[in-house]
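Notes for the one structure printed next.
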Amino acid sequence: MPYTVSSADLTARVAAILAAAGSSAEEAQTVAANLVLANLSGHDSHGVGMVPRYVDAVLEGGLKPNTAARVVLDTGTLLTLDGQRGYGQVVGVQAMALGIARAKAHGSCIMTLANAHHLGRIGHFAEMAVAQGLVSMHFVNVLSRPVVAPYGGGDGRFGTNPCCIGVPLAGSDPFVLDFATSRVAQGKMRVAHNEGKRAEPGTLIDEHGRPTTDPGVVVVPQSNGLFGALMAFGEHKGYGMAVACELLGGALTGSGTWHRPADNTRAVINGMLTILIDPARLGTQASFEQEAKAFVDWLRQSPAAPDSDGVRLAGEPEREARAARVQAGITIDDQTWAEIEQAAAKAGSA
Ligand code: NAD
């Protein structure tokens with residue numbers, strides 16, 4: 001039976017597991033709260049279901065508890081940081097706090113963060129920036145397993161490389177666009193495989209590079225020991241965005257790009273390029289506010305298409321999910337809960 005739990009109880013349980021795995025009480029609480037917020041936001045693939053992977057990564061030495069972001073270079077508008085394989089939920093927030101302070105002081109900041117362990121939901125960082133009235137853009141690469149195929153290619157060569165843009169909107173909730181550049185999340189294919197379901201056509205290729213709807217091709221090794229791959233969203237355009245994330249998030253930041261065969265290590269390393277702009281310092285504040293509002297009003301006047309709920313703006317689905325799940329609690333499926341309990345046992349948490 002799926003298990004429904006309040007966000008407070010879930011946060012406490014996850015924090016206890018992370019503390020048993022070596023995190024300080026403060027770090028355990030920060031990471032747990034971030035993961036639970038991802039569940040609340042409707043992104044279960046980036047929520048507490050990651051805990052088993054984090055515990056394994058700590059035990060393998062690929063994720064370093066109680067590690068802070070290190071400042072490599074700080075010229076005010078340029079900030080180069082090394083996450084030193086610390087929890088992304090910690091070093092990512094430290095990096096954003098520094099970048100936001102520099103953008104407030106100078107009008108803009110270009111911040112690179114290398115070697116962060118899994119940063120989770122990138123929208124979390126854009127939400128930090130828009131809450132301070134800043135525009136925020138993020139390009140991220142993922143070093144874990146090459147699960148996404150290049151356009152025209154026949155096997156996985158890079159990760160689900162997320163991209164995120166946050167824009168504060170005067171007098172209304174912000175625009176927060178936050179997406180993986182793969183057609184679907186790898187985690188969703190694992191769930192579909194476990195449930196015996198098929199994937200949408202155009203989502204996957206098998207280990208021979210042929211189109212398939214079998215989600216198992218990216219979950220279990222196929223007959224020749226190879227995996228299939230996910231496809232990027234938006235054909236050649238989405239593929240181009242994924243490559244941009246690898247070049248900017250991986251190469252430009254110094255975090256590293258993917259160019260080796262898959263291994264079985266459990267760590268997930270993210271590199272992130274962040275560009276922060278303070279609209280109040282650009283000299284366009286009045287027209288920015290007016291034009292953004294006029295455009296969003298115009299968008300919302302579009303009549304709902306047949307069989308559609310009508311026009312929404314990026315960020316709204318997450319806010320709606322939060323409002324609903326804060327009331328109803330968070331439902332965790334059997335498999336995920338069993339894996340979390342196994343992780344608790346491995347970490348030595350009662
Ligand atoms: P998704 O497809 O659910 O949503 C993507 C975006 O679309 C969101 O901004 C959402 O607000 C918006 N959206 C959804 N429905 C909409 C609608 N009807 N109208 C307008 N906008 C709408 O997201 P995804 O691609 O599955 O990514 C999920 C999460 O995974 C993201 O938070 C991403 O940052 C995270 N992620 C992280 C990593 C990592 O390595 N750290 C890797 C990949 C993805």
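The values are calculated or read from the model by the stated rules, or taken from the named source; none is laboratory data. None of the values given here were measured: they were computed from a predicted structure. Backbone-built Cβ (ideal geometry, glycine too); neighbour counts: all protein chains shown. Accessible surface is based on the protein model in full, side chains and every heavy atom, while ligands, DNA and RNA are left aside. Shrake-Rupley method; radii C 1.70, N 1.55, O 1.52, S 1.80 Å.
Structure summary
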{"quantity": "Longest to shortest principal axis, alpha-carbon extents of the chain, angstrom", "calculated": "59, 50, 44"}
{"quantity": "Qualifying aspartates and glutamates (Cα of each under 15 Å from Cα of Lys188; at least 8 residues distant if same chain)", "calculated": "Asp44, Glu200, Asp214, Asp333"}
{"quantity": "R0 of 22 Å, Cβ-Cβ distance Ala131-Arg312: FRET efficiency to nearest 0.05", "calculated": "0.60"}
{"quantity": "Most fluctuating residue given options Gly202, Gly271, Gly42, as computed from a GNM of the chain linking Cα atoms under 10 Å", "calculated": "Gly202"}
{"quantity": "Per residue accessible area of region 196-265, 1.4 Å probe, in Å²", "calculated": "54 Å²"}
{"quantity": "When region 281-350 is reduced to its Cα atoms, the Kirkwood hydrodynamic radius in Å", "calculated": "16.9 Å"}
{"quantity": "Carbon + sulfur, % of accessible area of the chain - ligands and nucleic acids excluded, 1.4 Å", "calculated": "56 percent"}
{"quantity": "Dipole magnitude of region 126-213, debye to nearest 20 (Cβ charges: Lys/Arg +1, Asp/Glu -1, about Cα centre)", "calculated": "280 debye"}
{"quantity": "Average projected area [Cα convex hull, region 11-119], square nanometres", "calculated": "6.9 nm²"}
{"quantity": "Rel. contact order, % - alpha carbon contacts under 8 angstrom, at least six apart, region 19-78", "calculated": "32 percent"}
{"quantity": "Span from the region 252-278 Cα centroid across to the region 171-232 one, whole angstrom", "calculated": "20 Å"}
{"quantity": "For region 302-316, Karplus couplings with θ = phi - 60° (6.51, -1.76, 1.60), whole Hz, Gly/Pro x", "calculated": "5, x, 4, 5, x, 6, 10, 7, x, 6, 10, 10, 3, x, 5"}
{"quantity": "Relative contact order (%) - region 1-125, alpha-carbon pairs under 8 angstrom, separation at least six", "calculated": "20 percent"}
{"quantity": "For region 226-306: relative contact order, % (alpha-carbon pairs under 8 angstrom, 6 or more apart)", "calculated": "18 percent"}
